[in-house]
1. Of all residues in the range 240-258, how many are open to solvent by less than 70 Å² (accessible area, probe 1.4 Å), modelled with pLDDT under 90 and part of a helix (DSSP H, G or I)?
2. Within the range 271-286, is even one residue at pLDDT below 90, over 15 Å from PHE440 (Cβ atoms) and surrounded by 17 or more Cβ atoms within 10 Å (Cβ to Cβ)?
3. Mind listing whichever residues of the range 448-459 are open to solvent by 10 Å² or more (accessible area, probe 1.4 Å) and touching a residue at least 40 places away in the same chain (Cβ under 8 Å)?
4. For residues in the range 321-345 being β-branched (Val, Ile, Thr) and either free of Cβ contacts under 8 Å to residues at least 60 places away in the same chain or outside any helix (DSSP H, G or I) (or both), which is surrounded by the most Cβ atoms within 10 Å (Cβ to Cβ)?
5. Could we say that VAL463 is part of a helix (DSSP H, G or I) and without any contact (Cβ under 8 Å) to a residue 60 or more places away in the chain here?
6. Are any of the residues in the range 346-368 open to solvent by less than 30 Å² (accessible area, probe 1.4 Å) and within 18 Å of SER404 (Cβ to Cβ)?
7. Looking at the range 177-196, which of its residues are assigned to a helix (DSSP H, G or I) and at pLDDT below 90?
8. Quick check on the range 210-235: of everything there that is aliphatic (A, V, I, L, M) and at pLDDT below 75, which residue is most open to solvent (accessible area, probe 1.4 Å)?
Amino acid sequence: MATKEEIVKSVPQKGFFGHPKGLFSLFFTEFWERFSYYGMRAILLYFMYDTVANGGLGIDKTTAASIMSMYGSLVYMSGIIGGWIADRILGTRRTIFWGGILIMLGHICLALPGGITFLFISMVFIILGTGLLKPNVSSVVGDIYSTNDPRRDSGFSIFYMGINLGSFLAPLIVGAVQKEFNYHAGFSIAAIGMAIGLIMYKVTEKKNLGLAGAQPTNPLAPHELQSILKKTVVTLVIVAILIVIAYFLDLITINNVINFFTVIGVLAPISVFIWMFTSKKTKAEEKSHLLAYIPLFIAGTMFWVIQEQGSTILATYADTRTDLSIGGFDISPAFFQSLNPLFIIIMAPIMAALWMKLGQKGPSTPVKFSFSLLFAGASFLIMIIPAITSGGTALVSPWWLVLSFFLVVIGELLMSPVGLSATTKLAPEAFAAQAMSLWFLTSTVAQALNAQFAKVFSKISEVQYFGYLGGAAIALFVVMLVLSPWISRKMGTIK
């Protein structure tokens with residue numbers, strides 16, 4: 001297996017805004033994957049709770065929001081599988097390709113009028129496909145830079161801008177197609193987007209990525225593969241038996257499934273962290289790095305609890321509580337899903353330039369995480385104002401949602417690209433792709449919790465809901481700021 005230095009040397013180091021050429025391939029692969037995912041996501045909630053007469057499925061709004069959150073949770077949880085397959089069997093590059101194939105099949109299912117059955121089939125394909133693709137694309141971004149390359153954080157910011165460029169265009173295009181034709185036409189645009197991404201990836205990967213991600217970092221020995229196959233078969237048989245028993249006991253309900261996966265979503269990162277920390281392949285210094293990861297993980301989870309509600313609670317708010325008539329035009333509530341990526345597209349180059357200019361004098365990773373929570377909390381606390389002035393019933397100005405999305409974006413740019421970059425630095429060498437999956441598990445836990453919060457939103461006032469979660473983020477901001485020196489010490493030489 002090639003060393004880190006050999007991999008970096010095999011990648012053309014100039015050619016994409018002063019960054020390695022490989023960043024071009026990864027930028028556009030993730031652009032089209034996010035285009036497909038966020039295009040689908042922009043209309044999926046409305047598709048679930050819209051009436052059958054309007055082409056929807058007629059699911060209750062609260063249940064639809066819980067399903068949406070659990071779907072997002074499982075999408076990120078599947079990254080554990082994708083990271084393991086990349087590290088032990090296929091290597092990150094091939095894993096990315098097969099993930100894209102599954103995602104495209106999922107969108108094709110939604111493009112067909114198959115009702116709730118095709119909805120759940122599509123979810124399985126997209127959950128598995130995203131788990132294979134998403135953490136591994138980010139992992140390869142880390143591979144094309146040396147560990148202490150000062151361009152690294154800037155490179156992740158540019159990569160992150162590519163993600164959000166696709167995410168910005170998708171809701172506008174898919175939302176417009178859905179409004180003009182129907183939901184299934186909108187979902188077909190998402191399938192086409194993923195197909196374009198796969199073609200671009202295969203055409204450019206060999207020339208631009210060199211040895212990066214070509215081979216698994218910790219390949220399975222033949223005897224290990226046989227053991228894993230046996231364990232997998234046994235596990236599947238046990239799961240099948242449990243499902244049959246639950247079916248005959250009438251335990252398989254949407255609410256029970258949501259509750260079950262909420263528990264799994266919380267336990268998954270704990271299990272993965274323990275597995276990495278206790279592994280004989282993890283060195284003493286790497287264990288110190290993993291300890292520094294605990295508060296970063298908690299902060300990341302709190303941030304995503306708020307940010308991810310942009311596609312559930314705030315999406316419903318846009319549809320039912322917001323005045324959608326602007327300048328004589330009626331806009332689609334799906335268009336609000338473009339606000340987050342729009343603000344990132346505008347602000348990401350500014351933040352990337354700032355980190356490049358500050359260099360080693362910039363704020364530490366823990367401090368950036370801390371202030372991301374301040375902005376996240378403010379994005380929810382600001383929603384208390386329209387809740388009070390509208391009496392909780394009258395339609396409110398869309399500018400309140402615009403301001404809320406803007407504030408959370410500032411926090412996102414402080415944390416998310418920095419979190420991706422920090423993870424590739426702090427990751428134990430033997431678990432590179434799995435460690436990326438551990439970072440994405442912050443979203444798993446957050447959205448698993450959001451599946452429960454969705455049930456609370458309709459039971460308490462908007463002032464209470466936004467106040468409690470916004471206040472919790474501010475409180476954690478203070479705690480993280482106090483802990484920052486300790487976290488930095490545990491990170492050791494990693495900056």
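1. Residues in the range 240-258 being open to solvent by less than 70 Å² (accessible area, probe 1.4 Å), modelled with pLDDT under 90 and part of a helix (DSSP H, G or I): 4 in total.
2. There is at least one residue in the range 271-286 that is at pLDDT below 90, over 15 Å from PHE440 (Cβ atoms) and surrounded by 17 or more Cβ atoms within 10 Å (Cβ to Cβ).
3. LEU449, GLN452, PHE453, LYS455, PHE457, SER458
4. THR322
5. Considered against the rule, which asks whether it is part of a helix (DSSP H, G or I) and without any contact (Cβ under 8 Å) to a residue 60 or more places away in the chain, VAL463 comes out as no.
6. No, that holds for no residue.
7. Matches in the range 177-196: LYS179, GLU180.
8. Checking each candidate, the answer is LEU211.
The values are calculated or read from the model by the stated rules, or taken from the named source; none is laboratory data. The model shown is predicted, which means the values in this text are computed figures rather than measured ones. Don't worry about glycine lacking a Cβ; one is built from the backbone with ideal geometry, like all the others, and counts go over all protein chains shown. Areas reflect the complete protein model, heavy atoms only, side chains present, ligands, DNA and RNA absent. Shrake-Rupley method; radii C 1.70, N 1.55, O 1.52, S 1.80 Å.
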